[in-house]
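**Q** One structure, as structure tokens, below. Some questions next.
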Amino acid sequence: MDHRRYMKVLKLDEAEVASRRAFFELTDEDLSRLAALRPFAEKVTDAIVEDFYKLLLGHRETKKFFPDEATVRRVKKTQRDYFLGLFNGKCDLAYVEDRLRVGTAHQRIGLSTKWYLGAYRKYMQLICDHLFEELRDQDKVRDAFASIQKLVYFDVVLATDTYLAANIDAIERHQAAIRELSTPVIRVHDRILLLPLVGSIDSHRANQVMDNVLLKVSEAQAKCIIIDIAGVPVVDTKVADNLVKTTAAVRLLGAETILTGITAQVARTIIQLGVDISAMHTLSRLAEGIELALSLVGKSIQSSARRPTRRNKRKTVRT
Amino acid sequence: MSESVEERHEMRIESEDDITLVRRKVRDLAATCHFDIFLGAAVTTAASELARNVWVHAGHGVAVIERLTDDVRQGVRVEFRDEGPGIADLDRVLAGGYSTANSMGLGLSGSRRLVDEFSIDSAPGRGTRVTFVKWTPF
Amino acid sequence: MTGPIPILRVGRVLLATIQTELRDNVANAFQQDVLLALERGAMAGLVIDISGLETVDTYVARVLADTGRMAKLMGVETVLVGMRPEIAATLVRMGYAMEGVQTALNLQEGLAALRKKPREE
């Protein structure tokens with residue numbers, strides 16, 4: 001997933017950036033101060049980057065992310081740019097996009113958060129040491145450090161975001177796959193379909209259910225579809241509304257819907273919608289639904305009871 | 001975050017036949033975006049409703065039909081502009097409880113429910129501008 | 001017959017198949033043709049096949065519903081058949097209920113539905 005999609009998934013827009021800046025108390029004054037510190041930054045960047053990577057390369061678990069000289073050279077250059085980026089005097093969407101690009105690259109190589117975020121501690125230490133050395137004036141050091149810290153924490157949150165967004169993306173892809181597998185419409189009899197709904201239903205899935213139901217009813221020219229919702233843990237007003245709409249749409253096709261697996265709770269939710277349910281078929285048990293469906297298509301289940309003592313009763317479908 | 005316009009078509013609405021042409025263009029763009037039949041029907045019907053509103057209430061107007069992408073999704077954006085009488089009591093019309101002899105109300109509120117983004121700017125004497133966007137799912 | 005929408009007699013049922021865009025003059029001619037055919041009398045029902053319609057907006061829906069109402073005034077029930085799944089979905093999502101219109105999956109079902117209804121005298 002690239003950094004632009006991250007921004008979309010995380011809803012990182014101008015308003016969000018402004019909100020974060022406000023929370024970090026990151027003002028224009030801070031940014032000006034950082035821009036004024038640019039000469040300082042350029043002077044100390046090489047030393048800071050060297051010491052920073054001494055830690056990463058000296059630690060067994062982090063060393064393995066920098067397997068060769070070429071990689072080390074490359075990341076040192078990136079790190080230098082990253083450090084200097086703190087002193088551009090800007091903190092806008094372009095800045096965010098830039099930081100995310102770097103964060104995305106780290107997340108992609110598999111560097112886990114404990115190392116990535118933990119490394120910021122060293123960063124701050126090195127900056128603090130150099131500030132004291134270069135600036136001398138205690139007040140200046142304190143103000144400079146305060147401003148740098150604000151922007152660095154801002155960056156740390158962005159770094160966390162990249163890992164968060166990657167997880168969200170993975171979850172969404174898995175959910176999409178699960179959805180595909182979990183709206184199977186089954187033909188239980190000549191003109192009767194059955195859809196056992198299992199799992200939680202969000203609005204996206206609810207729309208898919210309606211579309212799928214209509215497609216299958218039309219394809220099969222089914223007179224009746226039973227939708228069993230016993231396997232849906234939460235039926236809120238949105239889901240209930242969608243079920244009611246699905247029933248209406250199926251009727252427009254000229255077929256009937258039977259809702260089964262209705263609990264008392266669900267019944268209450270549907271009533272609260274205030275829609276006209278007089279024409280809806282709702283039942284608590286799937287078995288009842290099947291019997292009703294059969295009667296709607298002019299069939300019924302009948303026991304054959306000719307010789308009850310010698311044979312097990314057999315159930316056959318009689319027209 | 002960054003939308004780009006891949007295709008743009010500007011069409012005049014001056015006769016009833018033009019409603020059909022607008023509908024066809026929207027349907028074509030929807031197909032290019034690989035909208036499924038349900039998304040396609042939604043965007044085409046919304047466009048048909050609003051194009052007809054322009055013709056019935058203003059007599060003539062313009063439809064700007066665009067195909068968009070935003071790095072992740074594809075979408076269709078349609079804007080209708082006319083110098084017609086405008087809509088008084090816009091809020092009530094959008095709520096869908098308003099029915100004139102030509103029931104513009106239901107078409108407007110109905111269209112809004114079919115799309116992802118919807119904006120309308122209209123007042124008596126100021127004409128009407130309606131814009132909507134429909135995207136492929138995330 | 002004055003308009004482009006063909007209307008056939010199938011026994012005592014009128015069958016109209018709509019496959020073209022319903023523009024104002026086409027819709028008016030259609031309704032006129034239906035009424036004329038019903039006037040000739042002894043019809044037990046009207047089936048309107050809309051399987052050829054790709055888009056049904058509120059205008060088209062109203063024309064269909066009005067046609068049904070007109071037929072009813074003349075004592076004849078109407079059944080709409082062949083609605084495409086995406087059209088049903090769109091109408092419902094718009095909030096358009098299409099009240100008072102009977103529907104059936106196809107012509108066969110439509111005829112069966114009409115047979116069940118007692119003819120209004």
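**Q** Work out the mean other chain Cβ neighbour count within 10 Å for the residues of A:243-251 and drop it here as an integer.
**A** Average neighbour count from other chains, rounded to a whole number: 4.
**Q** Follow-up. Defining a contact as two alpha carbons under 8 Å apart and six or more residues distant in sequence, what relative contact order in percent does region B:4-135 show?
**A** 26
**Q** Now a separate question. Tell me, what is a quarter of the convex hull surface for the C-alpha atoms of region A:60-211, in nm² with one decimal?
**A** Computed as one quarter of the Cα hull surface, the answer is 14.6 nm².
**Q** Hey, rough spin-label estimate for residue A:94 and residue A:115, points 7 angstrom out along Cα→Cβ, what's it come to in nanometres?
**A** The two pseudo-label positions are separated by 3.3 nm.
**Q** Based on the Cβ-Cβ distance from residue C:8 to residue B:64, what FRET efficiency comes out when R0 is 30 Å, to the nearest 0.05?
**A** 0.10
**Q** What distance in nm separates the two pseudo spin-label positions at residue B:17 and residue B:3, each 7 Å out from Cα along the beta-carbon direction?
**A** With each label placed 7 Å out from Cα toward Cβ, I get 3.2 nm.
**Q** Then there is this: Which listed residue (C:95, C:52, C:75) has the Cα farthest towards the positive end of the charge dipole for chain C, taking +1 on Lys and Arg C-beta and -1 on Asp and Glu C-beta about the Cα centre?
**A** The residue sitting farthest along the positive end of the dipole is C:75.
**Q** How much length, in nm to one decimal, is gained on full extension between residue A:43 and residue A:164, taken as 0.36 nm per residue of separation minus their Cα-Cα distance?
**A** Working: separation 121, 0.36 × 121 = 43.56 nm, distance 3.48 nm.
Length gained, residue A:43 through residue A:164: 40.1 nm.
**Q** A follow-up question, please. Quick one: divide the alpha-carbon radius of gyration of chain A by 2.2 N^0.38 Å and tell me what you get. Write down the numbers at each step before the final one.
**A** Numbers: Rg = 31.7 Å, N = 319, 2.2 N^0.38 = 19.7 Å.
Taking the Cα Rg and dividing by 2.2 N^0.38 Å, one obtains 1.61.
**Q** Compute the FRET efficiency between residue A:2 and residue C:108 as 1/(1 + (r/R0)^6), taking r as their Cβ-Cβ distance and R0 = 51 Å, and round to the nearest 0.05.
**A** With a Förster radius of 51 Å, E is 0.40.
**Q** What residues of region A:2-23 lie in the reach of a label at residue A:143, counting those whose backbone N is under 18 Å from a point 7 Å from the Cα along Cα→Cβ?
**A** Those under the cut-off are none; the list is empty.
**Q** Hey, another quick one. Put +1 on the Cβ of each Lys and Arg and -1 on the Cβ of each Asp and Glu in the protein assembly as shown; which of A:145, A:23, A:34 then has its Cα farthest toward the positive end of the dipole?
**A** The listed residue farthest towards the positive side: A:23.
**Q** Follow-up question, since we're still on this one. Mind checking the angle between helix A:69-85 and chain A's longest principal axis? C-alpha axes, 0 to 90 degrees, to the nearest 10.
**A** 80
**Q** Let me ask another. At 222 nm, what value in deg cm²/dmol follows for chain B if DSSP H runs of at least 4 each add -39500 (n - 2.57) and the sum is divided by all its residues, to the nearest 500? It would help to have the intermediate numbers written out before the result.
**A** Working: 4 runs with 51 residues, N = 138.
After summing the helix terms and dividing by the residues of chain B, the value is -11500 deg cm²/dmol.
**Q** 7 Å from Cα along Cα→Cβ at both residue C:36 and residue A:238: what's the point-to-point distance in nm?
**A** If labels sit at residue C:36 and residue A:238, their model points lie 5.3 nm apart.
**Q** Roughly what angle does helix B:37-53 make with the longest principal axis of chain B, taking Cα atoms, 0 to 90 degrees, to the nearest 10?
**A** 30
**Q** Go ahead and estimate [θ] at 222 nm for chain C from helices alone: -39,500 (n - 2.57) per DSSP H run with n ≥ 4, summed, over the residue count, rounded to 500.
**A** When only DSSP H runs of four or more count, the value is -13500 deg cm²/dmol.
**Q** How big is the Kirkwood radius of region C:7-116, worked out from every pair of different alpha carbons and given in Å to one decimal?
**A** Final number for the Kirkwood radius of region C:7-116 is 13.9 Å.
**Q** Mind putting together the pair-distance distribution for the protein assembly as shown? All Cα pairs, 10 Å bins, whole percent per bin, short to long.
**A** Calculated over all Cα pairs of the protein assembly as shown, the distribution is 3, 14, 18, 19, 15, 12, 10, 6, 3, 1, 0 percent.
**Q** Compactness ratio of region A:186-318: Cα Rg over 2.2 N^0.38 Å, N = residue count?
**A** Working it through for region A:186-318, the quotient is 1.15.
**Q** Still on this structure, I have one more. Hey, got the dipole for chain C? About the Cα centre, +1 on K and R Cβ, -1 on D and E Cβ, debye to the nearest 20? Please report the intermediate quantities before stating the final value.
**A** Working: 13 positive and 14 negative charges, 78 e Å.
My answer is approximately 380 debye.
**Q** Among DSSP bridges having both ends in the protein assembly as shown, what percentage is antiparallel? Round to the nearest 5.
**A** Bridges in the protein assembly as shown are about 65 percent antiparallel.
**Q** For helix C:107-116, what angle does its Cα long axis make with the longest principal axis of chain C, in degrees from 0 to 90 and rounded to 10?
**A** 50
**Q** Across 10 Å bins from the origin, how do the percents of Cα pairs in chain B run, short distances first?
**A** Distribution as computed: 13, 46, 32, 9, 0 percent.
**Q** Continuing with this model, one more query. Let me have the 222 nm mean residue ellipticity of chain A computed from DSSP H runs of 4+ only, each contributing -39500 (n - 2.57), with the sum over all residues rounded to the nearest 500.
**A** After summing the helix terms and dividing by the residues of chain A, the value is -21500 deg cm²/dmol.
**Q** Average partner chain C-beta neighbours within 10 Å, per residue of B:35-44? Intermediate values should be presented prior to the final figure.
**A** On the way: counts 0, 3, 10, 13, 4, 4, 12, 5, 1, 5.
The mean count of partner-chain Cβ atoms within 10 Å per residue comes to 6.
Readers should treat all values here as calculations from the given coordinates under stated rules, not as data from a laboratory. Predicted model, so just to flag it, every value in this text is computed and none were measured. With ideal geometry, Cβ positions are generated from the backbone for all residues, glycine too; neighbour counts draw on all protein chains shown.
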